[in-house]
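Data first, discussion second: the structure below is written as structure tokens.
The values are calculated or read from the model by the stated rules, or taken from the named source; none is laboratory data. Remember, it's a predicted structure, so these values are computed and weren't measured experimentally. As a convention, Cβ positions derive from the backbone with ideal geometry for all residues, glycine included, and neighbour counts pool all protein chains shown. The protein model used for the area step is the full one, side chains on, heavy atoms only, and it has no ligands, DNA or RNA in it. Shrake-Rupley method; radii C 1.70, N 1.55, O 1.52, S 1.80 Å.
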Amino acid sequence: MLKQHQPFPKFEWFQVFDVTPSERQTLIDKYGLTDELIFYATDPNESARMEYDKARDIMLMIFDIVTPDSERAATEPMGILFKDHRLFTFTRSTTTFADHILEEPNNNQVQVDHDQIEPLDIVLNGLYSLATDYVGAIVGINRRRKGIQDRLTQSKSIQKEINSLLDLETSLIYFLNSLRSDKVLLLELKRHEANNLTLLQSEHIDDILVEVSQGIDMAEMAQEVINSVSSAYSNLVNSDLNWTMKLLTVYSIVLTVPTIVSGFYGENVELPFMHADNGWIYTIGITVLGMALAFIILWRAGFFKK
């Protein structure tokens, strides 16, 4: 779908959603875009970066945003393209909400007057709100991790909780990769457009960089905490397994004594108490004594210390 947003005095804004082949051709023939850049802008696997076509005066931004409803990953790219006083935003079903955020950023950033607003002003205001989504998502991960950690201390079955921690760690990997790529993109934008940026636009980029950097710090800390919790409970599981194996070893050694005693008395050799009237009582006594002796030796060796 190719939709033109409400008019702005200084530029046109086209919102491109799940572009069709005919719309792709319209973008190429009517607006001078290239098939290569459209592919980059719509590729769900594209990494965050800047792309330039100096011959056609086109600048493309691929910015990773948080996608809580996506089945692919915790973040997905959004394409933002500038050409000839026109702004093109490329979204899919999982990222279309970003257009609404660009329209109504709902933040405290200073707004340019409507008759003076430029495409980059719209984008930077929206990206600030989209960048703050990372902080909210990471705070949510910390809350979920705390809940999982509390349940781990109360439950004997911890496999489900360990799997939940693994899911959180996977999400943090996506967040960190996207945040770092977005940071590189913003630094590249500021460097490349240094002579064209207004003072307010430069300040907005710095504000977004602060949010992205904060997100990186929070994600790294959350990742370290989750790794520590996972490692601690992995060590606990290993300790419990070692304890179980030690107990099984003790039982197997102690229970070997009756087999040895009965084995000796089953041989065709003369042994004490074989012909006594109460010989079976003596063999049981020898067995119990041997088991007790084995138990004491293992106990003094520390096999029962957890």
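Structure above, values below:
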{"item": "Cα-projected label distance for residue 143 with residue 214, points at 7 Å along beta-carbon direction, nm", "result": "1.7 nm"}
{"item": "Probe 1.4 Å, all protein chains present, accessible-area order of 224, 211, 76, 118, largest first", "result": "224, 118, 211, 76"}
{"item": "Heavy atoms of residue 221 accessible to a 1.4 Å probe, total area in Å² rounded to 10", "result": "130 Å²"}
{"item": "Heavy atoms of residue 282 accessible to a 1.4 Å probe, total area in Å² rounded to 10", "result": "110 Å²"}
{"item": "Rounded to whole Hz, the Karplus (6.51, -1.76, 1.60) HN-Hα couplings of the range 119-125, x for glycine and proline", "result": "x, 5, 5, 4, 5, 5, 4"}
{"item": "Surface/4 estimate of mean projected area, convex hull on alpha-carbon atoms of the chain, nm²", "result": "26.1 nm²"}
{"item": "Mean Cα-pair separation over length for the range 1-104, i.e. relative contact order, pairs under 8 Å, 6 or more apart, %", "result": "27 percent"}
{"item": "Heavy atoms of residue 17: accessible area, 1.4 Å probe, square angstrom to 10", "result": "60 Å²"}
{"item": "Acute angle (nearest 10 degrees) that the helix 199-265 long axis makes with the longest principal axis of the chain, alpha-carbon atoms", "result": "10 degrees"}
{"item": "Contact order relative to length of the chain, as percent, for alpha carbon pairs under 8 angstrom and 6 or more apart", "result": "15 percent"}
{"item": "Sulfur and carbon atoms: percent of accessible area, the range 54-135 [1.4 Å]", "result": "43 percent"}
{"item": "Average accessible area per residue (Å²) across the chain - probe 1.4 Å, nucleic acids and ligands excluded", "result": "57 Å²"}
{"item": "When each of 146/246; 3/30; 30/183; 83/183; 3/190; 146/183 is checked by Cα-Cα distance, pairs over 26 Å", "result": "146/246; 30/183; 3/190; 146/183"}
{"item": "For the chain, size of Cβ-based charge dipole, Lys and Arg +1, Asp and Glu -1, in debye", "result": "1560 debye"}
{"item": "Candidate residues 91, 283, 256: accessible-area rank, largest first, probe 1.4 Å", "result": "256, 283, 91"}
{"item": "Accessible heavy-atom area order of 85, 5, 100, 192, highest first, probe of 1.4 Å", "result": "85, 100, 192, 5"}
